[in-house]
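The values are calculated or read from the model by the stated rules, or taken from the named source; none is laboratory data. Small disclaimer: the values here were computed from a predicted structure and weren't measured. When we count neighbours, we look across all protein chains shown, and the Cβ atoms used for this are built from the backbone with ideal geometry, even at glycine. The accessibility values were calculated without ligands, DNA or RNA, using every heavy atom of the protein model including side chains. Shrake-Rupley method; radii C 1.70, N 1.55, O 1.52, S 1.80 Å.
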Amino acid sequence: KFIMAILTIADNPEHPGNSALLHNIFEGPIKLGLGKAGIQKMKDKIEQHGFMETLKTTATSIKKNNALRQIVNTIEDIHLILHDRDLVDSVNRAFIDSGLHEQITKEVDEAHHRLSQTTMYSPLRGKIEEEYEYQNRRLKRIENELAEACIDTTYEELKVQSVIGGQARQKEVNRDAVNILTIHAAKGLEFKHVFIV
C-alpha cells in the first residue's frame with residue numbers, strides 16, 4: 001500500500017484523490033510523526049494550496065522531516081520516469097529511495113543484534129530467534145513480491161492488480177475480461193470506461 005501510494009501520487013501529483021492516500025504514507029511502515037489530526041489538517045490545506053505544495057510544507061515542519069522529505073523527493077523523481085521507463089525502475093525507487101528498504105533492513109539488523117546479545121541458555125533466545133527469522137523472511141518476501149509484480153507489467157496493470165488484490169500476479173493468457181470492483185476500491189483511479197452496475 002505504501003509503495004502503491006507513492007506510485008499513484010507520482011502518476012498524477014495534483015489529483016484530488018491523492019488526499020485519500022495520505023494515511024498509506026503517514027500510517028505506513030515509516031513513522032513520520034504525524035497523527036490523524038495532522039493528516040486532517042493537511043487535507044484542509046491541500047484544498048487551498050495543492051497536494052505537493054502541502055506535502056513539501058509539511059516536510060519542513062514536522063520533527064521527522066528528513067524521512068518525509070525523502071519521500072517527497074522520491075515522488076518527484078518517479079513522476080519523471082513512471083511512464084517512460086520499465087516499471088521496475090519506479091518500483092525500486094519507491095522501495096529504496098523512499099527509505100522503506102532501509103527501515104525494514106534496520107528492523108532485521110536490530111533483531112540480529114538482539115539475538116547476538118542473548119546467550120544460548122537464555123529462556124528468551126527461542127523467541128528472539130523467531131523474531132529474527134520472521135524479519136528476514138519478511139524482507140525476502142517483500143523483495144520477491146515486488147520483483148514478481150513488475151514482470152511484463154505496466155503501471156496501469158499494476159494499479160488494477162493492486163486494487164483487485166493480486167499481490168503476486170499470476171501469468172495468464174491475455175483474454176477479454178471485465179474487472180469488477182467496488183466504488184470505494186476504485187476511488188482515485190482513472191479508467192477509460194466505467195460501468196456502474
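When restricted to residues that are touching a helix residue (DSSP H, G or I) at 6+ places or on another chain (Cβ under 8 Å) and either in a helix (DSSP H, G or I) or among the aliphatic types (A, V, I, L, M) (or both), the stretch 19-35 contains 10. I'd like to check something: does the stretch 52-64 contain any residue that is closer than 20 Å to E190 by Cβ and open to solvent by less than 90 Å² (accessible area, probe 1.4 Å)? Yes; the residues of the stretch 52-64 include at least one that is closer than 20 Å to E190 by Cβ and open to solvent by less than 90 Å² (accessible area, probe 1.4 Å).
Residue check: is L22 surrounded by 20 or more Cβ atoms within 10 Å (Cβ to Cβ) and over 26 Å from L82 (Cα atoms)?
Values: surrounded by 20 or more Cβ atoms within 10 Å (Cβ to Cβ): yes; over 26 Å from L82 (Cα atoms): no.
In short, no.
Go through (1) out of contact with any Ser or Thr (no Cβ under 7 Å at 6 or more places or on another chain); (2) closer than 25 Å to L158 by Cβ one by one and return the number of the condition I62 breaks. Exception for I62: condition (2).
Do we find that V108 is modelled with pLDDT of 90 or more, more than 21 Å from A5 (Cα to Cα) and touching a helix residue (DSSP H, G or I) at 6+ places or on another chain (Cβ under 6 Å) in this structure? Reasoning before the result, please.
Working: modelled with pLDDT of 90 or more: yes; more than 21 Å from A5 (Cα to Cα): yes; touching a helix residue (DSSP H, G or I) at 6+ places or on another chain (Cβ under 6 Å): yes.
For V108, the condition - modelled with pLDDT of 90 or more, more than 21 Å from A5 (Cα to Cα) and touching a helix residue (DSSP H, G or I) at 6+ places or on another chain (Cβ under 6 Å) - is met.
Scanning the stretch 36-50 for any residue that is farther than 18 Å from H79 by Cβ and among the acidic types (D, E) turns up at least one such residue.
Report whether or not K1 is open to solvent by 30 Å² or more (accessible area, probe 1.4 Å), of a type in the set (K, R) and more than 11 Å from the chain's Cα centre (by Cα).
no
Taken across the stretch 111-118, residues that are touching a residue at least 12 places away in the same chain (Cβ under 8 Å), in a helix (DSSP H, G or I) and crowded, with 17+ Cβ neighbours inside 10 Å do occur, with at least one present. Would you be able to say whether some residue in the stretch 81-88 is at pLDDT below 90, part of a loop (DSSP other than H, G, I, E, B) and within 27 Å of E131 (Cβ to Cβ)? Scanning the stretch 81-88, I find no residue that is at pLDDT below 90, part of a loop (DSSP other than H, G, I, E, B) and within 27 Å of E131 (Cβ to Cβ), so the answer is no. Hey, among the residues in the stretch 129-153 that are acidic (D, E) and over 16 Å from D109 (Cα atoms), which one's surrounded by the fewest Cβ atoms within 10 Å (Cβ to Cβ)? Of everything passing the filter in the stretch 129-153, D152 is surrounded by the fewest Cβ atoms within 10 Å (Cβ to Cβ).
Table: residues versus (1) at pLDDT 85 or above; (2) in contact with a helix residue (DSSP H, G or I) (Cβ under 8 Å, 6 or more places away or on another chain); (3) β-branched (V, I, T); (4) open to solvent by less than 80 Å² (accessible area, probe 1.4 Å).
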{"site": "P123", "(1), (2), (3), (4)": "yes, no, no, no"}
{"site": "K127", "(1), (2), (3), (4)": "yes, no, no, no"}
{"site": "R169", "(1), (2), (3), (4)": "no, yes, no, yes"}
{"site": "E172", "(1), (2), (3), (4)": "no, no, no, no"}
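Residues considered: R93, R125. Of these, the only one that is of a type in the set (K, R) and over 25 Å from F26 (Cβ atoms) is R125.
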